[in-house]
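Student: My questions will all concern the structure given below.
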């Protein structure tokens, strides 16, 4: 059995669309007045004006790798960030630390670590899942490259732009 929905009867003004047109014009006029008074800013002139001072604390930028105060890698190649990455932008090849090294107890370090910035959706899940706090989202929104290969950041590039992060790292804890 079909359900029949009866349409409401429109009066003459509703059939001519005059109330809808008037309401749209009032909204446009109110926006124009706010703009003339300087209450709203419409466009940012990008190269001259930048958001650097206006970025909120919760802003999620591009992921990068960081080292500790002594210049050692924080990453232990656990691959949690690779597994949790929704667009599969992170690729890690784990490698072993030589047995003669003082930090051989750590067992693994990343031999290769790549993040494809074209695929990355800046969700921040890699930063949240990292047990050693080795990956951080930096406050950078201007990531450019002329080729696709330039947008795939390898381990050296990630450490270069990531810098040094202070704080406790479980990997280098003597008691662990």
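The values are calculated or read from the model by the stated rules, or taken from the named source; none is laboratory data. Keep in mind that this is a model prediction, so the values were computed, not measured. Virtual Cβ from ideal backbone geometry, glycine too; neighbours counted across all protein chains shown.
Student: Please give the number of the condition residue 140 fails out of (1) free of Cβ contacts under 8 Å to residues at least 24 places away in the same chain; (2) assigned to a loop (DSSP other than H, G, I, E, B); (3) touching a strand residue (DSSP E or B) at 6+ places or on another chain (Cβ under 9 Å).
Tutor: The single condition residue 140 does not satisfy is (1).
Student: Taking the stated definitions as given, is residue 81 assigned to a loop (DSSP other than H, G, I, E, B), touching a strand residue (DSSP E or B) at 6+ places or on another chain (Cβ under 8 Å), farther than 21 Å from residue 145 by Cβ and modelled with pLDDT of 80 or more? Outline the logic, then answer.
Tutor: On the way: assigned to a loop (DSSP other than H, G, I, E, B): no; touching a strand residue (DSSP E or B) at 6+ places or on another chain (Cβ under 8 Å): yes; farther than 21 Å from residue 145 by Cβ: yes; modelled with pLDDT of 80 or more: yes.
Judged against the criteria, residue 81 is not a match.
Student: Has region 98-105 got at least one residue that is in contact (Cβ under 8 Å) with a residue 12 or more places away in the chain and surrounded by 10 or more Cβ atoms within 10 Å (Cβ to Cβ)?
Tutor: yes
Student: Among the residues of region 64-78 satisfying the criterion of being assigned to a strand (DSSP E or B) and modelled with pLDDT of 90 or more, which is surrounded by the most Cβ atoms within 10 Å (Cβ to Cβ)?
Tutor: The extreme case among them is 65.
Student: For residue 145, work out the one condition from (1) surrounded by fewer than 15 Cβ atoms within 10 Å (Cβ to Cβ); (2) within 16 Å of residue 78 (Cβ to Cβ) it doesn't fulfil.
Tutor: If we test residue 145 against (1) surrounded by fewer than 15 Cβ atoms within 10 Å (Cβ to Cβ); (2) within 16 Å of residue 78 (Cβ to Cβ), just (2) comes out false.
Student: Now for a separate question. So for region 33-51 (the condition being under 30 Å from residue 167 (Cβ atoms) and part of a loop (DSSP other than H, G, I, E, B)), does at least one residue qualify?
Tutor: yes
Student: Answer yes or no as to whether residue 61 is under 18 Å from residue 157 (Cβ atoms), assigned to a loop (DSSP other than H, G, I, E, B) and more than 21 Å from the chain's Cα centre (by Cα).
Tutor: no
Student: So, in region 120-137, exactly how many residues are under 10 Å from the mean Cα position of the chain (by Cα) and assigned to a loop (DSSP other than H, G, I, E, B)?
Tutor: Counting residues in region 120-137 that are under 10 Å from the mean Cα position of the chain (by Cα) and assigned to a loop (DSSP other than H, G, I, E, B) gives 5.
Student: For the list (1) surrounded by fewer than 18 Cβ atoms within 10 Å (Cβ to Cβ); (2) in contact (Cβ under 8 Å) with a residue 40 or more places away in the chain; (3) within 15 Å of residue 158 (Cα to Cα); (4) in contact with a helix residue (DSSP H, G or I) (Cβ under 9 Å, 6 or more places away or on another chain), I need the number of the one condition that residue 111 fails.
Tutor: Against the list (1) surrounded by fewer than 18 Cβ atoms within 10 Å (Cβ to Cβ); (2) in contact (Cβ under 8 Å) with a residue 40 or more places away in the chain; (3) within 15 Å of residue 158 (Cα to Cα); (4) in contact with a helix residue (DSSP H, G or I) (Cβ under 9 Å, 6 or more places away or on another chain), residue 111 comes up short only on (2).
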